[in-house]
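Colleague: This is the structure I have questions about; it appears just below.
The values are calculated or read from the model by the stated rules, or taken from the named source; none is laboratory data. Since the structure is predicted, the reported quantities are computational estimates derived from the model, not experimental observations. Please note: Cβ atoms are built from the backbone with ideal geometry, for glycine as well, and neighbour counts cover all protein chains shown.
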């Protein structure tokens, strides 16, 4: 068995077909901005139905955090000259519709929506954080810090929604699976378009 020389990296910086590091960072910012925009719209849809419910103050608090996340990524788009996703108009409608539709199913279904979305975002932000920890992205500590901070807040949203009975929503496993599939598709599309 031949020993690997010490001066070689553990693996390739990126594989053939992967975007180069700068484009990878632009994709991260583009998709994160789109995701936070979608989250704001989901909460706006939920509040359009549940504005007088017992859970409205909790939804408002989570929505305010999402607005802060969106403002942060909006600023990054401008500072780094990253084009936003062309799918913004679709996410405007789809996010609001998802929020309103789940809220119409009841508070627990609205919270189930929050759990499903936040679990996908957790996976997504974790993957980004890991990529930003690698050799090809050593010059991005601020972006990594932002993603890690926002990921922690998204996990708080998930835990809050679970505490409000999300898992007791009628059809929770199916509802969760459908929302997760849609969220993963939105991430994939927003990174690229």
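Colleague: Report whether or not residue 24 is part of a helix (DSSP H, G or I) and either under 20 Å from residue 154 (Cβ atoms) or touching a strand residue (DSSP E or B) at 6+ places or on another chain (Cβ under 6 Å) (or both). Spell out how you get there, then give the answer.
Modeller: On the way: part of a helix (DSSP H, G or I): yes; either under 20 Å from residue 154 (Cβ atoms) or touching a strand residue (DSSP E or B) at 6+ places or on another chain (Cβ under 6 Å) (or both): no.
Judged against the criteria, residue 24 is not a match.
Colleague: Take region 108-131 and flag every residue that is surrounded by 24 or more Cβ atoms within 10 Å (Cβ to Cβ) and over 14 Å from the mean Cα position of the chain (by Cα).
Modeller: Listed by number, the residues that qualify are 110, 111, 112.
Colleague: Would you mind stating whether residue 93 is over 24 Å from residue 142 (Cα atoms), at pLDDT 95 or above and exposed (fewer than 15 other Cβ atoms within 10 Å of the Cβ)?
Modeller: The answer is yes for residue 93.
Colleague: Additional query: Is region 19-28 home to any residue that is modelled with pLDDT under 95 and within 21 Å of residue 180 (Cβ to Cβ)?
Modeller: yes
Colleague: Please give the number of the condition residue 122 fails out of (1) in a helix (DSSP H, G or I); (2) farther than 26 Å from residue 80 by Cβ; (3) modelled with pLDDT under 95.
Modeller: (2)
Colleague: Filter region 133-155 down to the residues that are touching a residue at least 60 places away in the same chain (Cβ under 8 Å) and assigned to a helix (DSSP H, G or I), then identify the one that is farthest from residue 100 (Cα to Cα).
Modeller: For region 133-155, the residue satisfying everything is 135.
Colleague: Follow-up. Do you know which residues across region 65-119 are assigned to a loop (DSSP other than H, G, I, E, B) and either touching a residue at least 24 places away in the same chain (Cβ under 8 Å) or in contact with a helix residue (DSSP H, G or I) (Cβ under 8 Å, 6 or more places away or on another chain) (or both)?
Modeller: If we filter region 65-119 for residues that are assigned to a loop (DSSP other than H, G, I, E, B), which is where we start, we get 80-87, 105-106.
Within region 65-119, 80, 82, 83, 84, 85, 86, 87, 105, 106 meet the criteria.
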